Amino acid sequence: MSAQLGTLEELPQDYRDAMSQIAVAPLWPQMRKVLPHDAPMPVTQAHCWAFSDIRPLLLRAGELTPVEKAERRVLFLVDPGRGAGAMQATSTIYVGMQLLLPGETAPAHKHTPSAARIVVEGEGGYTVVDGDRLPMEAGDLILTPGGCWHDHGHCGSKPVIWLDALDLPLFYYLEASYAVEAPLQTPRNRPDPSEVEYRAAGLAPARRRDIAPAPSYPMMRFPWKRTEQALREYARHGDSGIVELDYINPETGASCLPTLGFTAMMLRQGKSVKPVRKSASAVFHVIAGKGHSTINGKRHDWSAKDVISAPVFAAIDHVAEGDDAFLIRIHDAPLQEKLGFYEERSQ
Ligand code: GTQ
């Protein structure tokens, strides 16, 4: 309940010029833009990117640009609310589709932003993170947290494509984003911790706390096969609500990355799922199945491997058609929780 605030046009031109000259500006004409009533006004527009549209262009990038010239051969997904070239799918979430051809490698680097990959297509790809060689199988979630060395390789026979998700927009906005390069790493000769120390949910290595504190990122790979089994059992025996599991740090139970959260969702065929509205923005990646999501009143049809974005506080209704569907939701609630304002509201 407040009166209309004054506009810039109401102010005399000489006054406006004088302000510009000394690099100041009046707050009141812009007050509601930065502090709207009761809820944020997202710039992000919900969108669905069809994998069938992206794939041919990505494969063409494989012909046009050798990986040596690209370092990372990626087509990133541009939020239509922000327009051409915006390296953002939502306010905080960058997503891209990366292609590696058989025999190619993408050199090691580490950077301040954190990343995660979701494997979309192809066999034989791997990522080495701080010396651990992580095989990339369809649907796997693979972390490369900020400050961890990572390089990619491919020993299979067909193209490998994965989805990159990074908190790059946040780090770029903070003027904190940079990378350090290095040659390829020599991986340890052992399976990754998801197959060794953290083989079973609920079990973690007993440690001498004085000399061997738990690593900050104990498990970098979450194999999809196990995730899908867990979702199916949960759907069978859990309550009839949303079938959704958080990807967590197995040592602490916290979100697996500091700013980005990941969940695995199972949508039972034919059932409409309406999650609470959240202050977090989201990007959904369809692992399997087809269906549609109505986001703020607009319907987006999707099928396997597609990517859908939703702005903050979106009203969402997901429906799987034909068969059960599986999605991974990428969101920024961990960041918002750390800043103390994460919020949920009923639809
Ligand atoms: O694979 O390391 O999509 O550093 C953007 C930045 C992927 C990567 C991206 C990156 C990477």
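Values as computed for the structure displayed
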{"quantity": "Answer residue from region 269-291, given it is basic (Lys, Arg) and either closer than 20 Å to Gln336 by Cα or modelled with pLDDT of 95 or more (or both) and is surrounded by the fewest Cβ atoms within 10 Å (Cβ to Cβ) among those", "calculated": "Lys274"}
{"quantity": "Selected residue [out of contact with any helix residue (DSSP H, G or I) (no Cβ under 9 Å at 6 or more places or on another chain), away from the ligand (no atom under 16 Å from the Cβ), within 26 Å of Ile295 (Cβ to Cβ) and not aliphatic (A, V, I, L, M)] from Pro102, Pro12, Pro29, Pro80", "calculated": "Pro80"}
{"quantity": "Sole exception among (1) part of a loop (DSSP other than H, G, I, E, B); (2) at pLDDT 95 or above; (3) within 16 Å of the ligand (Cβ to nearest atom) for Pro36, by number", "calculated": "(3)"}
{"quantity": "Neighbours by Cβ (under 8 Å, 6+ apart or cross-chain): first from region 258-283, within 23 Å of Lys225 (Cα to Cα); second modelled with pLDDT under 95", "calculated": "Met265/Ile242; Gln269/Gly322"}
{"quantity": "Filtered residue count, region 39-76, keeping only those that are touching a Leu at 6+ places or on another chain (Cβ under 6 Å) and assigned to a loop (DSSP other than H, G, I, E, B)", "calculated": "1"}
{"quantity": "Positions within region 259-299 being over 20 Å from Arg345 (Cβ atoms) and among the charged types (D, E, K, R), in sequence order", "calculated": "Arg268, Lys271, Lys290, Arg299"}
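Residues are listed down the side, and each one gets a yes or a no for (1) within 10 Å of the ligand (Cβ to nearest atom); (2) buried (at least 19 other Cβ atoms within 10 Å of the Cβ); (3) without any contact (Cβ under 8 Å) to a residue 60 or more places away in the chain; (4) under 26 Å from Gly124 (Cα atoms):
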{"site": "Thr144", "(1), (2), (3), (4)": "yes, yes, no, yes"}
{"site": "Gly147", "(1), (2), (3), (4)": "no, no, yes, yes"}
{"site": "Gly153", "(1), (2), (3), (4)": "no, yes, yes, yes"}
{"site": "Gly156", "(1), (2), (3), (4)": "no, no, yes, yes"}
{"site": "Val160", "(1), (2), (3), (4)": "no, yes, no, yes"}
{"site": "Leu163", "(1), (2), (3), (4)": "yes, yes, no, yes"}
{"site": "Asp167", "(1), (2), (3), (4)": "no, yes, no, no"}
{"site": "Glu175", "(1), (2), (3), (4)": "no, no, yes, no"}
{"site": "Glu181", "(1), (2), (3), (4)": "no, no, no, yes"}
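The values are calculated or read from the model by the stated rules, or taken from the named source; none is laboratory data. The shown structure was predicted, so the numbers you read here are calculated from the model rather than taken from an experiment. Neighbour counts run over all protein chains shown; Cβ positions are idealised from the backbone, glycine included.
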